[in-house]
């Protein structure tokens with residue numbers, strides 16, 4: 001019953017991302033300095049932007065949850081952070097590959113953007129353990145939301161702090177002061193990849209939320225069935241996931 | 001009870017509540033010293049560990065600044081884990097929730113207590129550090145500069161430590177999860193504090209800490225202070 005919207009979204013994601021990568025591979029010029037390895041930029045940068053945006057979005061949803069106590073927002077906050085952590089792994093891996101080919105090292109400590117991202121990523125790695133270690137579902141949502149709000153605020157502040165500490169050598173590809181240092185034939189595939197990555201994020205989030213909702217409904221139905229059959233409820237199994245529970 | 005209709009609830013002013021809570025904290029620590037001696041002892045032991053781990057008898061400049069901040073930060077993590085233990089186990093938080101006071105009074109009182117604890121630990125740890133490890137020693141002007149950086153960093157550490165101490169106390173993992181959450185959050189404090197302290201501890205003519213590092217420390221304290229003030233309520237709402 002949810003699949004119609006999801007199919008459209010998934011289709012749009014596949015088309016946009018494929019289009020972006022095809023354009024990036026064949027249409028965009030080879031960068032003079034770094035050669036072909038620079039192409040990873042069309043994956044790495046959109047992924048990083050979407051992941052950071054997802055972290056902040058998780059914080060905003062956490063704030064909305066604290067204000068409204070609507071489980072919907074808790075679910076969105078959880079899914080956004082979950083997806084961003086997964087994308088974060090991708091960002092660190094692609095970043096490492098790029099750094100290896102551009103600077104000859106897997107990780108560059110003098111590089112503020114990379115270091116900031118690592119710190120943020122490490123912080124969000126504790127989100128799941130935090131949820132796991134709180135048993136009461138209401139408390140779990142509330143505390144996770146407080147964490148999401150604090151960490152979401154931390155993301156921009158951390159970038160300021162780390163940047164101040166280092167002379168940066170990271171390429172500033174989207175320099176706002178000069179109105180974009182990127183030539184147009186690189187811009188098109190880049191922005192297309194950014195849109196595609198955002199769509200991917202939204203699609204995967206939708207899939208996860210749909211899965212959680214459906215599972216919650218199935219559980220509710222199972223419970224009703226058991227009651228109807230007059231069987232005694234088996235001892236509740238410990239939850240396998242720290243995801244927000246949806247009661248139908 | 002002569003007045004018809006609901007009367008406005010009478011609440012104790014926050015300042016009175018904070019003062020009472022502060023008195024309680026300090027009295028508790030004075031009667032049964034628990035956290036402070038542990039933190040101080042931990043700092044000294046860590047200096048000894050650094051002496052052998054770095055295999056050096058004296059440090060200066062950036063290394064000195066790093067040794068000092070790592071030690072103080074880990075000692076602070078030790079203290080943050082204990083900050084709410086007594087209240088949680090003896091029902092102090094429930095009592096506060098029953099009392100007609102603003103809940104943020106607890107945050108303010110705990111954060112001030114934590115800053116005081118950190119300052120007291122530093123009063124012990126910094127001289128020990130200077131005697132044991134620091135190569136050039138400190139001039140009077142350096143002590144003043146160092147104190148300023150320490151104070152600004154302590155406020156940030158105390159705010160994060162209090163907020164996440166209150167969060168971690170309700171989880172099963174507790175001491176396990178607190179440093180995992182708080183250390184990444186405190187990395188900007190360490191960056192700024194270490195950068196600001198390094199010239200003060202340098203052997204080649206001490207310099208003043210860079211103004212922008214202190215400014216970012218202030219910004220950090222302000223942002224997370226306000227944030228903690230805004231969200232702390234939700235950690236107690238039971």
Quick one: what Rg and Dmax do you get for the protein assembly as shown from the alpha carbons, in Å? 25.9, 86
Taking the highest mean first, how do the peptides A:146-158, A:88-100 order by number of other beta carbon atoms within 10 angstrom per residue? A:146-158, A:88-100
Relative to the first principal axis of the alpha-carbon coordinates of chain B, what is the inclination of helix B:140-168, with its axis defined by its Cα atoms, in degrees from 0 to 90 and to the nearest 10? 40
May I ask for the angle, rounded to the nearest 10°, between helix B:177-201 and the longest principal axis of chain B, with both axes built from Cα atoms and the value confined to 0 to 90°? 40
Rounded to the nearest 0.05, what FRET efficiency do residue B:27 and residue B:119 have when you use their Cβ-Cβ distance and R0 = 22 Å? 0.80
Treat the count of other C-beta atoms within 10 Å as a stand-in for reagent exposure and order B:154, B:142 from fewest to most. B:142, B:154
Relative contact order (percent, whole number), chain B, Cα cutoff 8 Å, 6+ residue spacing: 28
Report, as an integer, the average count of C-beta atoms from other chains found within 10 Å of each Cβ along B:185-192. 6
Per residue, what volume in Å³ does the convex hull of the Cα atoms of the stretch B:33-236 enclose? 113
Taking only Cα atoms, what is the 0 to 90° angle, nearest 10, from helix B:211-236's long axis to the longest principal axis of chain B? 30
Which distance in nm do the two modelled labels at residue B:41 and residue B:215 give, with both placed 7 Å along the Cα-to-Cβ direction? 4.4
Could you sort B:48-61, A:115-128 so that the peptide with the highest average Cβ count within 10 Å comes first and the rest follow in order? A:115-128, B:48-61
Expressed in Å to one decimal, the Kirkwood Rh of the stretch B:104-150 from all distinct alpha-carbon pairs is 12.1
D_trans [Stokes-Einstein, Kirkwood Rh over alpha-carbon pairs] for the stretch B:55-124, 10 °C, 1.306 mPa s, µm² s⁻¹: 110
FRET efficiency (residue B:148, residue A:135; Cβ distance; R0 45 Å; to 0.05) is 0.55
Calculate for chain B the 222 nm mean residue ellipticity that helices alone would give, adding -39,500 (n - 2.57) per DSSP H run of length 4 or more and normalising by residue count, nearest 500 deg cm²/dmol. -26000 deg cm²/dmol
Could you give the Stokes-Einstein D for the stretch B:118-197 in µm² per second, using the C-alpha Kirkwood radius, 4 °C, 1.567 mPa s? 91
Report the calculated FRET efficiency for residue B:19 and residue A:185 (r = Cβ-Cβ distance, R0 = 51 Å), to the nearest 0.05. 0.15
Descending packing, highest mean Cβ count within 10 Å first, for B:168-179, B:63-74, A:13-24 is B:63-74, B:168-179, A:13-24
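No lab work stands behind these numbers, since they all come straight from the coordinates. Just so you know, these numbers come straight off a predicted model, no measurement behind them. Virtual Cβ from ideal backbone geometry, glycine too; neighbours counted across all protein chains shown.
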